Amino acid sequence: MPAPPGTAKPAALVEQYESVSFADVHRDVLHLFPSRPGVILDVGAGSGRDAAALAGQGHQVVAVEPTPELRSLGQRIHADRDIEWVDDALPDLPVLTARGRSFDLILLTAVWMHLDGAQRTTAMAALVGLLGPAGRVVLSLRHGPVPPGRRMFDVPAEETAQLARGHGLVVEHLSEHADPHGRDGVRWSRLGLRR
């Protein structure tokens, strides 16, 4: 997956990501997260906000972040948390795929809309390949104006749901909510997918 392109510098992105709590960002899908300690993959972990919160709950967390500056800042900010940081990228996730690991939950927060149609198809197959027998994928989709210089696609939630079904997943949650940063015209869809 390409690094977040455009005018936003990694430090500014980290400040933005960290300004909203894990609980606020994920409040409508928290019931889909493992209630007991599990193995969680945070794809496009950015600043590590979500990975740190999940590690703090006792989960074993692998944080994938392809942008070196974001990965480095995240490692520094959340150095007190036991997080395995991995340099890997969608759509193929070749490093993790080669390791043959499986996960109880795969989390993609503000990631999916950076992939074009062909990449999303490849990525869904890669995610399913990493999903444990009773695993779930929870992802968010951004809708609305694209910031200048950023590579984003307006991906309908139903398109993603259909793609997931085509890969043998069941859609168990679909919701929409306002932007937690209060940006005009921006809204988010949340999907919960399971085997």
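The values are calculated or read from the model by the stated rules, or taken from the named source; none is laboratory data. Model, not experiment: these values are computed from the prediction. Neighbour counts run over all protein chains shown; Cβ positions are idealised from the backbone, glycine included. With ligands, DNA and RNA removed, areas are computed over all heavy atoms of the protein, side chains included. Shrake-Rupley method; radii C 1.70, N 1.55, O 1.52, S 1.80 Å.
Close amide-amide hydrogen proximity is noted between Glu172 and Gly192, Leu193, Arg194, each under 5 Å apart and 5 or more residues distant or on a separate chain (H modeled in the peptide plane; Pro and chain starts excluded).
State the percentage of accessible surface on region 53-176 attributable to carbon and sulfur atoms; use a 1.4 Å probe and exclude ligands, DNA and RNA. Please list the in-between numbers first.
Details: 2670 of 5320 Å².
Ligands and nucleic acids excluded, carbon and sulfur reach 50 percent.
In this structure Ser35 has an accessible area near 120 Å², from a 1.4 Å probe over the protein heavy atoms.
Collect residues whose amide H, placed 1.01 Å from N in the peptide plane, falls under 5 Å from the amide H of Arg136; neighbours closer than 5 in sequence don't count. For Arg136, the qualifying residues are Leu105, Ile106. With the helix formula -39500 (n - 2.57) applied to DSSP H stretches of n ≥ 4, the chain reaches a computed 222 nm mean residue ellipticity of -9000 deg cm²/dmol. Each of Val170, Val62, Ala110 was scored by the projection of its Cα onto the charge dipole of region 40-195, and the greatest displacement toward the positive side belongs to Val170; charges sit on the C-beta of Lys, Arg, Asp and Glu. For region 59-68, the Karplus equation 6.51 cos²θ - 1.76 cosθ + 1.60, evaluated at θ = phi - 60°, returns couplings of 7, 8, 10, 10, 10, 9, 9, x, 8, x Hz by residue, with Gly and Pro reported as x. Estimated at the nearest 10 Å², the accessible area of Arg99 is 120 Å² with a 1.4 Å probe.
Once you reduce region 139-170 and region 20-67 to the center of their Cα atoms, the two points are 20 Å from each other. When the residues Ser102, Ser140 are ordered by accessible surface, computed with a 1.4 Å probe over the protein chains alone, the sequence from largest down reads Ser102, Ser140.
A 1.4 Å probe run over the chain, with the rest of the protein chains in place, finds 44 Å² accessible per residue.
Percent relative contact order of the chain, based on C-alpha pairs within less than 8 angstrom and at least six residues apart? Please list the in-between numbers first.
On the way: 381 pairs, mean separation 40.2, N = 195.
Value for the chain: 21 percent.
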